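Here the structure is laid out as structure tokens; the discussion comes afterwards.
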Ligand SMILES: [Zn+2]
């Protein structure tokens, strides 16, 4: 006797609303898809620089960077279900950007505007109504922070956001600087510590970045905290 015909308790709670397991087939996380334990109406999700060039195989691939994608998809689903806003930052550089080695910078060319490497990976399920925040779009300015040279702070303030949940790439550069600026702007910050990965140009950079963010006032959560 098969039990396949039994209804799944994790699905179909909201009429017509798909559970994360309808989108994802690589979940090894045992979790309910409907319960949101601790999000409130002034929360927003910020996904930092999850772009092809920052994934393994990309121009500036972060080791295990691809592992943040399924986790961020879960977070996206929670925020969507709570009708909370999702923001996604991206490097969006001109071809002769100052951060590239040819111009004396420290990075290989990456995330050139409109290139394949600058795109979000197709398996990252960024909602169509997300706010996309492009940064470091001019030749002479780099920006590790999603707030630098963008309207992200104003957008968040005018949306009534008080607390931001931050995940993405990389822990020791763009996540670190986005979190620092978010704190400076007066937002509470929750670092999604299972959905970040570090470059670790120097061993331990990622751990030091996390420590710095905590000391500055960020807190951390991981998926199981939201999936209670
Ligand atoms: Zn860059």
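Condition first: surrounded by fewer than 23 Cβ atoms within 10 Å (Cβ to Cβ) and in contact with a helix residue (DSSP H, G or I) (Cβ under 9 Å, 6 or more places away or on another chain). Now tell me which residues in the stretch 174-183 satisfy that. Of everything in the stretch 174-183, those that are surrounded by fewer than 23 Cβ atoms within 10 Å (Cβ to Cβ) and in contact with a helix residue (DSSP H, G or I) (Cβ under 9 Å, 6 or more places away or on another chain) turn out to be 180, 181, 183.
Each residue in the stretch 61-85 was checked for being assigned to a helix (DSSP H, G or I) and more than 16 Å from the ligand (Cβ to nearest atom), and 16 pass. Does the stretch 86-104 contain any residue that is crowded, with 17+ Cβ neighbours inside 10 Å, more than 10 Å from the ligand (Cβ to nearest atom) and assigned to a helix (DSSP H, G or I)? The answer is no, given that none of the residues of the stretch 86-104 is crowded, with 17+ Cβ neighbours inside 10 Å, more than 10 Å from the ligand (Cβ to nearest atom) and assigned to a helix (DSSP H, G or I). Any residue that is within 24 Å of residue 175 (Cα to Cα), modelled with pLDDT of 50 or more and in a loop (DSSP other than H, G, I, E, B) - is there at least one of those in the stretch 19-38? Yes, some residue in the stretch 19-38 is within 24 Å of residue 175 (Cα to Cα), modelled with pLDDT of 50 or more and in a loop (DSSP other than H, G, I, E, B).
For residue 148, state whether it is touching a helix residue (DSSP H, G or I) at 6+ places or on another chain (Cβ under 9 Å), surrounded by fewer than 24 Cβ atoms within 10 Å (Cβ to Cβ) and at pLDDT 95 or above. Spelling it out, residue 148 is indeed touching a helix residue (DSSP H, G or I) at 6+ places or on another chain (Cβ under 9 Å), surrounded by fewer than 24 Cβ atoms within 10 Å (Cβ to Cβ) and at pLDDT 95 or above. Note on the stretch 105-116: residues that are within 20 Å of residue 175 (Cα to Cα) and outside any loop (DSSP other than H, G, I, E, B) amount to 2. Quick check on the stretch 105-114. Is at least one of its residues without any contact (Cβ under 8 Å) to a residue 12 or more places away in the chain, more than 11 Å from the ligand (Cβ to nearest atom) and either within 12 Å of the chain's Cα centre (by Cα) or over 30 Å from residue 227 (Cα atoms) (or both)? Checked the stretch 105-114: at least one residue is without any contact (Cβ under 8 Å) to a residue 12 or more places away in the chain, more than 11 Å from the ligand (Cβ to nearest atom) and either within 12 Å of the chain's Cα centre (by Cα) or over 30 Å from residue 227 (Cα atoms) (or both). In the set (1) closer than 30 Å to residue 38 by Cα; (2) touching a strand residue (DSSP E or B) at 6+ places or on another chain (Cβ under 8 Å); (3) free of Cβ contacts under 8 Å to residues at least 12 places away in the same chain, residue 83 fails one condition alone, (2). Between 171, 137, 219, the distinction of being under 24 Å from residue 98 (Cα atoms), out of contact with any helix residue (DSSP H, G or I) (no Cβ under 6 Å at 6 or more places or on another chain) and modelled with pLDDT of 95 or more belongs to 137 only. Scanning the stretch 43-85 for residues that are buried (at least 24 other Cβ atoms within 10 Å of the Cβ) and at positive phi yields a single hit, 49.
The values are calculated or read from the model by the stated rules, or taken from the named source; none is laboratory data. What you see is a predicted model, and the numbers here were worked out from it, not measured in a lab. A quick note on method: Cβ atoms are made from the backbone with ideal geometry, for glycine too, and the neighbour counts reach across all protein chains shown.
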